[in-house]
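Before any comments, here is the structure.
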């Protein structure tokens, strides 16, 4: 599912692209709840790769599903899940995130600020 349903808050500076892989045999819930005015939650199936944008201070909580319950099994700082350096271009598009979650490679072009003209 694309991140368009819950984009980062507009005041978010320097978003990072993150990747989490569910290497277990259980369904997991990935959740970020420590960012003001933003809530992120996704179901991650066994073997699935989740690619998402977050701010460096965000904490990804991993809840592992057991019979009619979920247990907080890990909390991971999103800066440890970063798969590229901070990008000075606008946020990735919905299609870019979908392609990354499907395992496709995309090219992200960094832009440099234009030089001031005298």
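Looking across the stretch 33-58, the residues that are in a strand (DSSP E or B) and surrounded by fewer than 16 Cβ atoms within 10 Å (Cβ to Cβ) come down to 41, 43, 49.
Of all residues in the stretch 2-32, those that are assigned to a loop (DSSP other than H, G, I, E, B), in contact with a strand residue (DSSP E or B) (Cβ under 7 Å, 6 or more places away or on another chain) and at pLDDT below 90 total 3. Among the conditions (1) without any contact (Cβ under 8 Å) to a residue 40 or more places away in the chain; (2) over 21 Å from residue 96 (Cβ atoms); (3) surrounded by 11 or more Cβ atoms within 10 Å (Cβ to Cβ), residue 23 misses just one, which is (3).
The values are calculated or read from the model by the stated rules, or taken from the named source; none is laboratory data. Computed from a predicted model, the values in this text were never measured in an experiment. With ideal geometry, Cβ positions are generated from the backbone for all residues, glycine too; neighbour counts draw on all protein chains shown.
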